[in-house]
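Student: Sharing a structure here in structure tokens format.
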Amino acid sequence: MKSPVFAYAAPNTVAEACSLLADDEDAKLLAGGQSLVPLLALRLAAPTTLVDLRLVPALTGITHDQGVLRLGAMTTHRSIERSPLVQDVAPAIAEAAALIAHPQVRTRGTIGGAVAHADAAAEWPAVLLAMDGHVEVTGTGGSRSISAGDLFMGPFMTSLEPDEVITSVSLPIDGREIWVDEHQRRHGDYGLSILAMTYQLSDGLITDVRLAVAGATGSVTRAPEAEAALEGRAPADSNDAITALAAELSYTSDIHGSADYRRDITTTLFQRALRAAGERSGQA
Amino acid sequence: MSFPHSQSPSIAARSIGARVPRGDDPRLLTGRGQYLADIVLPGELHACFVRSSAAHARITRVTTDEARALDGVVAVWTGEDAAKFCEGIVGELEVEGCFATTMPLLARDIVRYVGEPVAVVVAESRYVAEDGCDLVDVDYEPLEPVLHPRSALEGGPSANEELPDNVALRGGKVLGDVEGAFNDAARVIEATFHSGRLSAGPMETRGVIASYDWTSRRLRLWTGSQMPHYIKYCLTAYLGFPENECEVLTPDTGGGFGQKAHIFPEEMLLPLLARELDRPVKWVEDRRENLMTATHAHEQFIDIAYAFDSDARATGVRIRATGDGGAYHQPPWSMGVEPWCTAMVTPTGVYDIPAADLTYEAAATNKTPIGAYRGVGYMAGTLVRECLMDDAARAFKLSPFDIRRRSVVREFPWTNPQGIVYDEGSWLQTIDELERMVDYPAFLERQAALRAEGRFIGLGLSVFVESSGESTAMGKAHDLGGIYHDTATVKMEPNGSVTVTIGLTTQGQGHRTTMAQVVADSLGVPLEAITVRAAESTTYGWGSGTVGSRGAVIAGGAVLRASNVIRTKLVALAASMLEADPADIDLVDGAAVVLGVPGSSVSIIDLATAVYFDQSAWPADFDPTLEATLAYDPARPIFSNGGHAMIVEVAPETGFVTVEKVFSVEDCGTVINPDIVEGQIRGGVVQGIGAALLERLVYDDSGQLVTTTLLDYHMPSMDFSPPFEIHHLETPSSHTPGGIKGMGESGLIAAPAAVLNAVNDALSHTGTVLHDIPITPEQVLRALRG
């Protein structure tokens, strides 16, 4: 479990990082390393150059401005979990950060790294999809914004160009309800199923719902039929949505649980989310 | 036959029984341990193994040219290179019906499990060694893998042509009128169990450093072994290194649990490499190698049936235990010990069952060899026995406590049908005590109330008797071979301080503390004046291994015998100095005192100083040697006993099982240190919870191991460690030092059955009864959903 040989660079600017990526098509960004370093040790990844982003000051920091929570790409999970700002404007996001692995991993792992890695069993991609978040990216050709829906292309696959660096993650904070929940066998394990949901509650009815599932499926995914079935319904009136969620997704099987099992426990996560919506609706 | 080294002097317990803090803790808990990887020898090379990617295949070609040419690679050896020095290591179990295998140091011609070493690359760093491994090209011609032990025993392809019918072990016995018991039974309770494939998973993986000096022919071998003297013996027996120039050194070791109580090909290869390359060679196993190639454990398929009479008393048992043994016997414990012990020893347990039909078998399969892991042979057997007891309780509508009381042995000494004699025990009291601790009526009320709310809790019980203090007598009582003894050296220096060396290595059990407590009570010196050294080097003493719950008993006996030699001299000297009868002298609180004469005393320090520097104080014929080395091996087998009751809750949303609380009763005779005993219980029980709920080595249909990281092989973490309530019963052994018994394996032996029983109780309203471990959340959820 020792990595193969690689070159290492630690640039101070995003532009330098981009040009390093452009110069070496087998280069890989290092953004915390909590997934990449084990992959190197197992020799499942063998990049020729590691471009470490830890010395790029522009990539850290959390701001809340004009209804957008902006998280610098190198912001650690732990910083998000403990950020008074995040706890204030979107406590569900701080709680979602706390679902990730263990404190040691959260202290080094970053949101930009996790999003770019696009693990099918990771929390942030589901949160981004459900919140309709964006990533700001910069490449040698300039900067652009990619919506979560356009970013995640499959397991460990994104629409990032080889020379692009995620610089920040933007999450809209617009009064919509946020719910993130997960079934982990042991605390800190990858989720057997992860569910993120955002919605409006008005007059006891759910509207504008966005539902994302990870862990239970081959890649992070929205559940459009369940969303449609829930639209305009009261949380207690959700049997059609529950049926739709069970039917529309392609659940995965592995040694930790069959597809049937993952479907069942995803359903229970959805039921928990709906119960919570019912409670919120009662309090409103 | 009786030998002097089985006699243990009496001892008055003073420090024994106290919660003395573990002396190793400050050093180990602050990261100051020196583990194998921390040892760096000048000029050392690093070894890495090319391991088979096929479960069963003929090797048609091994190409090493590119690897040899890599900058930094010093040597590449294949099976042919290793075989010039050693054909392989031979394993078998010394029982009827066992067939030996020879495990090559590096595979030649055929590979027989995924992970089997095929070649070794030695390089200037582990990184380069791994680069070199990637450049070794092995061509395999696939052979059919043998993966299912019971079908393997019925014929078909061979996993290992040394065992053409795949039978590595087959035998058994019929004792008493089994047929009569089953014909006359009011009820027969039976089931087939699968006890899953486990890894002992020590936090420190295996590792070896070999260093050879050609000028003196001196070989030094560092290995985190539980059996360094055995390793040393093998260095001479298999490799021809001169015994007098071999030293096996054992640094701090991060857990062994039986996995490190074997001889491994890697341990035999590195000395050869170090000698041939004239450089020290180091191998530190990584986690993937550990999960893939260090011995696996415990997996068995077991058919078992109990006959019960109309009073719900067990009258007979039939068992067939089949081990899924892997490709070779791993010496010395082999793939035989699991099913042999499960069938021949455990089916009767604490119960008076007069008739037994016992069958054991082990199949060679194309998997990693099975070896010893804490509770070897006892865990699976206890699982099936205790689980069927709870099944029987439900069938007879009795409480789990009552069904056990119907059959439990009440009179001692007790001889079971297998002929094993149990001198004493608190078998009935264990059941009674657990019932009291649990407050069974209150539990039943709470269970019913929660069920009405849609919450499901269950209570599981498991009681055990455990062979402890592994000894020659224990082997004989079980018709097993094996001669055991350990030595200890006790030395007192001029200022009255004591240095003790024991023949056992220690992997975190606190031997340095418990042995100091024994010495303190023998010599009357304070604990601070005693230093205990475990078998850090085979230069000192002899040890048969830290195995079989033997540390406290065996090292304790040897330490006490050696201390007693020093004690006798101190008493003689004190008697002379105080003009008293030696029979009236006691050593206590740092002084020799004359019993019944207050104020008449001399300090141990003054006595020690006088031995070294004041001949005028000596009595006639005094021999000033204040150092003694003696051996110990108990005269009779020793058995501890106890039990666990567990309350679990199953989650209707996920099928996850949470252990709410563990109630443990342990009777290991005289308790040397309750903190250490309780630590052993907690650690073992949590391992048992892991075995019952989480841990599972999984092979796919082609014989590939799927679980090669700790992400997939789930071990219990802190949040799986429930609260405990522990109660000590003390039924001293009549013939061990101070009456102590061993207990290191008890937690893992009995915990899985308690978990399984508790889950089955939680699910009792569903009609589902589970008989396999680990219990998966999916099985539980399916049961709850009907």
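The values are calculated or read from the model by the stated rules, or taken from the named source; none is laboratory data. Here the structure is a predicted model, which is why all the values come from computation and not from measurement. No Cβ is skipped: glycine too gets one built from the backbone with ideal geometry, and neighbour counts run over all protein chains shown. Accessible surface areas use protein heavy atoms only, side chains included; no ligands, DNA or RNA. Shrake-Rupley method; radii C 1.70, N 1.55, O 1.52, S 1.80 Å.
Student: Which one is surrounded by the most Cβ atoms within 10 Å (Cβ to Cβ), of the residues in segment B:3-36 that are among the hydrophobic types (A, V, I, L, M, F, W, C) and over 20 Å from residue B:528 (Cα atoms)?
Tutor: Pass one, segment B:3-36, residues among the hydrophobic types (A, V, I, L, M, F, W, C): B:3, B:11-13, B:16, B:18, B:20, B:28-29, B:36.
Still in the list and also over 20 Å from residue B:528 (Cα atoms): B:3, B:36.
On the way: B:3: 11, B:36: 24.
Result: B:36.
Student: In the list B:55, B:18, which residue meets the criterion of being modelled with pLDDT of 95 or more, under 27 Å from residue B:333 (Cα atoms) and not in a helix (DSSP H, G or I)?
Tutor: It is B:55.
Student: Being within 14 Å of chain A (Cβ to nearest Cβ) and under 23 Å from the mean Cα position of the chain (by Cα) is the filter here, so list the residues in segment B:710-745 that pass it.
Tutor: Residues satisfying the conditions are B:710, B:713, B:714, B:715, B:716, B:717, B:718, B:720, B:721, B:722.
Student: Shifting gears a bit: Hey, can you tell me all the residues within segment A:135-190 that are within 14 Å of another protein chain (Cβ to nearest Cβ) and open to solvent by 60 Å² or more (accessible area, probe 1.4 Å)?
Tutor: Of all residues in segment A:135-190, those within 14 Å of another protein chain (Cβ to nearest Cβ) come to A:181-190.
Once the filter is applied, which keeps residues that are within 14 Å of another protein chain (Cβ to nearest Cβ) and open to solvent by 60 Å² or more (accessible area, probe 1.4 Å), segment A:135-190 yields A:187, A:190.
Student: Scanning segment B:717-731 for residues that are in contact with a Lys or Arg (Cβ under 8 Å, 6 or more places away or on another chain) and in a loop (DSSP other than H, G, I, E, B), which turns out most open to solvent (accessible area, probe 1.4 Å)?
Tutor: Among those residues, the one meeting the criterion is B:723.
Student: Please identify the pairs in which a residue from segment A:258-276 that is within 11 Å of another protein chain (Cβ to nearest Cβ) has its Cβ atom under 9 Å from the Cβ atom of a residue that is in a helix (DSSP H, G or I) and among the basic types (Lys, Arg), counting only partners at least 6 apart or on another chain.
Tutor: The qualifying pairs are A:260/B:782; A:261/B:782; A:264/B:782; A:264/B:785.
Student: Same structure again: Does segment A:131-141 contain any residue that is farther than 16 Å from residue A:220 by Cβ and either in contact with a Lys or Arg (Cβ under 6 Å, 6 or more places away or on another chain) or hydrophobic (A, V, I, L, M, F, W, C) (or both)?
Tutor: Yes.
Student: Follow-up. Give me the residue from segment A:22-77 that is within 14 Å of another protein chain (Cβ to nearest Cβ) and in contact (Cβ under 8 Å) with a residue 60 or more places away in the chain and, out of that set, most open to solvent (accessible area, probe 1.4 Å).
Tutor: Out of the qualifying residues, it is A:34.
Student: While we're looking at this one, here's another question. Tell me whether segment B:324-339 contains one or more residues that are open to solvent by less than 10 Å² (accessible area, probe 1.4 Å), charged (D, E, K, R) and in a helix (DSSP H, G or I).
Tutor: Step one: of segment B:324-339, the residues open to solvent by less than 10 Å² (accessible area, probe 1.4 Å) are B:324-331, B:334-336, B:338-339.
The next check asks that each one be charged (D, E, K, R); those that pass are B:324, B:338.
From the residues that got through so far, the ones that are in a helix (DSSP H, G or I) too are B:338.
Yes: segment B:324-339 contains one or more residues that are open to solvent by less than 10 Å² (accessible area, probe 1.4 Å), charged (D, E, K, R) and in a helix (DSSP H, G or I).
Student: For residue A:160, are the conditions met, namely being modelled with pLDDT of 95 or more and in a loop (DSSP other than H, G, I, E, B)?
Tutor: yes
Student: Restricting attention to segment B:517-554, which residues are closer than 15 Å to residue B:628 by Cβ and either of a type in the set (S, T, N, Q) or assigned to a helix (DSSP H, G or I) (or both)?
Tutor: If the condition is that a residue be closer than 15 Å to residue B:628 by Cβ and either of a type in the set (S, T, N, Q) or assigned to a helix (DSSP H, G or I) (or both), then B:518, B:519, B:522, B:523 are the ones that fit.
Student: In contact with a Cys (Cβ under 6 Å, 6 or more places away or on another chain) and open to solvent by 10 Å² or more (accessible area, probe 1.4 Å): does that describe residue B:173?
Tutor: no
Student: Within segment A:249-263, work out how many residues are not in a loop (DSSP other than H, G, I, E, B) and not charged (D, E, K, R).
Tutor: Adding up the residues that qualify gives 4.
Student: Now for a different question. Name the helices (runs of 4 or more DSSP H) wholly inside segment B:115-204 in which the number of residues that are more than 30 Å from residue B:316 (Cβ to Cβ) and within 34 Å of the chain's Cα centre (by Cα) is 3 or more. It would help to see each step written out before you state the result.
Tutor: Values: elements: B:126-135, B:149-153, B:178-183.
The qualifying helices (runs of 4 or more DSSP H) are B:126-135.
Student: Just to be sure I understand, how many residues within segment B:416-436 are open to solvent by 20 Å² or more (accessible area, probe 1.4 Å) and either in contact with a strand residue (DSSP E or B) (Cβ under 8 Å, 6 or more places away or on another chain) or more than 21 Å from residue B:637 (Cβ to Cβ) (or both)?
Tutor: Selection size over segment B:416-436: 10.
Student: Let me ask you something else. For segment B:663-692, which positions are in contact with a strand residue (DSSP E or B) (Cβ under 8 Å, 6 or more places away or on another chain), aliphatic (A, V, I, L, M) and either closer than 24 Å to residue B:513 by Cβ or open to solvent by 10 Å² or more (accessible area, probe 1.4 Å) (or both)?
Tutor: B:665, B:671, B:672, B:677, B:681, B:685
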